[in-house]
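Written out below as structure tokens is the structure these notes cover.
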2 protein chains.
Amino acid sequence: MVHSLVPSDRVEAASVYGRDGQKIGRIERLMLEKATGAVAYAVVKYGSLLGGLHRYPVPWNSLKYNLARDAYESDLTLEGLRNGPSELDGEAFDWGDRSPVYRHPQYWTV
Amino acid sequence: MVHSLVPSDRVEAASVYGRDGQKIGRIERLMLEKATGAVAYAVVKYGSLLGGLHRYPVPWNSLKYNLARDAYESDLTLEGLRNGPSELDGEAFDWGDRSPVYRHPQYWTV
């Protein structure tokens, strides 16, 4: 049976791969529009506490679930995300405000 | 600073109160439209393993966050939800398919 809905706690544990096949990371949480309940973007975690932990905003509409791979595939790449906004080791990045993301339109055109 | 976005893992731990002031329960997870990334409804847990654990679908647009209370308030009531679809102690209820919810239009008219 094909479901049109997916539980948030299942999404939150999923891996994400870029269009070049390279792993972007794992979804840590979703950022939701309070007013509408729409997912603005997923926060994708890459790296480790030792080597530096990056968090990237990945828009929902760039993510496609691949059942066979049990992972999401994105039109973006890790390389591309590195040129946009990210959070390193918990440094100041205001995830609650979408404006930092809006300033980087490459996230919203895929 | 007022944020327009909220992290999913913060929503998932929140309490929900009905319009009559009675507690409906706690949000356990959100059900998302795969295609659009819109939250269809929150799964709200009420009760305990001993006394019977119910899960109710509560649509996002019925939920308003009350900062002072640090909880969501709904236009619905626990009483009203009891007359709709719910899951008791993990019995068969297909949370992944929205049709059971659509068959109960009271969830979508608030």
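The values are calculated or read from the model by the stated rules, or taken from the named source; none is laboratory data. For clarity, every value in this text was computed on a predicted model and none was experimentally measured. Heads up, the Cβs are rebuilt from the backbone with ideal geometry, glycines too, and the neighbour counts pull from every protein chain shown. SASA here: full protein model, heavy atoms, side chains in, ligands and nucleic acids out. Shrake-Rupley method; radii C 1.70, N 1.55, O 1.52, S 1.80 Å.
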Are any residues in region B:18-35 more than 7 Å from every other protein chain (Cβ to nearest Cβ) and open to solvent by less than 50 Å² (accessible area, probe 1.4 Å), and if so, which ones? B:18, B:21, B:24, B:25, B:27, B:28
Sort out which residues of region A:37-54 are more than 7 Å from chain B (Cβ to nearest Cβ) and in a loop (DSSP other than H, G, I, E, B), and write them in order of number. A:49, A:50, A:51
For region A:1-17, give me each residue that is facing chain B (nearest Cβ under 7 Å), touching a residue at least 24 places away in the same chain (Cβ under 8 Å) and either acidic (Asp, Glu) or part of a loop (DSSP other than H, G, I, E, B) (or both). none
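Run down B:4, B:74 and say which single residue is at pLDDT 90 or above and under 23 Å from residue A:31 (Cα atoms).
Values: B:4 fails: at pLDDT 90 or above.
Exactly one residue qualifies, and that residue is B:74.
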Residue pairs within 7 Å by beta carbon, gap of at least six or interchain, first lying in region A:68-96 and part of a loop (DSSP other than H, G, I, E, B), second at pLDDT below 75 and aliphatic (A, V, I, L, M), listed first then second, are A:75/A:110; A:76/A:110; A:85/A:101
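Determine whether residue A:103 is more than 13 Å from residue A:23 (Cα to Cα), in contact with a strand residue (DSSP E or B) (Cβ under 7 Å, 6 or more places away or on another chain), modelled with pLDDT under 80 and basic (Lys, Arg). Break it down stepwise before answering.
Values: more than 13 Å from residue A:23 (Cα to Cα): yes; in contact with a strand residue (DSSP E or B) (Cβ under 7 Å, 6 or more places away or on another chain): no; modelled with pLDDT under 80: yes; basic (Lys, Arg): yes.
Spelling it out, it is not the case that residue A:103 is more than 13 Å from residue A:23 (Cα to Cα), in contact with a strand residue (DSSP E or B) (Cβ under 7 Å, 6 or more places away or on another chain), modelled with pLDDT under 80 and basic (Lys, Arg).
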